[in-house]
Amino acid sequence: MNTTIDLLDIRNGKIKDLAGQDLSRMDLSGADLTGANLTGAALRTNLRGADLTGANLTNADCRNADLRGAVLSDIQAKNVSLAGAFLAGSVLSHLDFTGCDFRGCDLRGATLIATILEQADLSNTNLSGADLSQADLEEAILNGAILRGTNFTNANLLCAQLEQAIMEGALLTKTCIEGTLLET
């Protein structure tokens, strides 16, 4: 790949292989990144309203990214770093975020139905009002997370860590909490 990347070509979806590229200084709001290979890319930037349908974000660095209104359906996202990212109101259902870093992320009101979050680090994340029904949070770290009104119906919290988590009004109907530490 050329060392110079044309922002307009990226925004218009003309460049699909961006693996390992540092795109942090680019404004990718509204960009067409459908099917893009973003494996290991640095995306610490504005991705507001971007279409990432079918993109591969495996091992990508999206720390502190603004992903409000971004389309994230059918993405590959194992081991992606989303620490500090703004994802409030996002729809992240039926995705695999195994081992992902969500520390300090804003996921207020997000929809994460049937999402795999095994061994994900959600420490100090705001999940107030989020829907995590049927989600797999086995061995997930939710220490210090804000879980006010969070829906965990039919979720798997087997061996999850919830130390100092704020769980006022959290819905735990038919939730597996075996081996989970619930110290507050």
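Quick one: which residue in Glu163, Glu168, Glu138 is surrounded by 19 or more Cβ atoms within 10 Å (Cβ to Cβ) and either farther than 30 Å from Asp27 by Cα or at pLDDT below 95 (or both)?
That would be Glu138, the only listed residue that is surrounded by 19 or more Cβ atoms within 10 Å (Cβ to Cβ) and either farther than 30 Å from Asp27 by Cα or at pLDDT below 95 (or both).
Can you tell me which residue among Thr34, Thr45 is surrounded by fewer than 18 Cβ atoms within 10 Å (Cβ to Cβ), out of contact with any Lys or Arg (no Cβ under 6 Å at 6 or more places or on another chain) and of a type in the set (Ser, Thr, Tyr)?
Thr34
What pairs can you find where one residue is in segment 71-84 and closer than 9 Å to Asp96 by Cβ and of a type in the set (S, T, N, Q), the other is at pLDDT 90 or above and outside any loop (DSSP other than H, G, I, E, B), and their Cβ atoms are less than 7 Å apart, with a gap of 6+ or different chains?
Once the first residue is closer than 9 Å to Asp96 by Cβ and of a type in the set (S, T, N, Q) and sits in segment 71-84, its partners that are at pLDDT 90 or above and outside any loop (DSSP other than H, G, I, E, B) give Gln76/Asn56.
Looking only at segment 1-18, count every residue that is among the aliphatic types (A, V, I, L, M), surrounded by fewer than 16 Cβ atoms within 10 Å (Cβ to Cβ) and assigned to a loop (DSSP other than H, G, I, E, B) and tell me the total.
2
Tell me, please, whether a residue that is over 17 Å from Thr115 (Cβ atoms) and crowded, with 24+ Cβ neighbours inside 10 Å can be found in segment 146-159.
Start the filter on segment 146-159 by keeping residues that are over 17 Å from Thr115 (Cβ atoms), which leaves 146, 148-149, 159.
Then drop every residue that is not crowded, with 24+ Cβ neighbours inside 10 Å, which leaves none.
Among the residues of segment 146-159, not one is over 17 Å from Thr115 (Cβ atoms) and crowded, with 24+ Cβ neighbours inside 10 Å, which makes the answer no.
Given the residues Leu92, Leu82, Leu57, which is the only one that is over 20 Å from Leu8 (Cβ atoms), surrounded by 19 or more Cβ atoms within 10 Å (Cβ to Cβ) and at pLDDT below 95? Write out each step before concluding.
Details: Leu82 fails: at pLDDT below 95; Leu57 fails: at pLDDT below 95.
Just one listed residue meets the conditions, Leu92.
The values are calculated or read from the model by the stated rules, or taken from the named source; none is laboratory data. This is a predicted model, so every value here is computed, not measured. Every residue, glycine among them, receives a Cβ derived from its backbone with ideal geometry; neighbour counts consider all protein chains shown.
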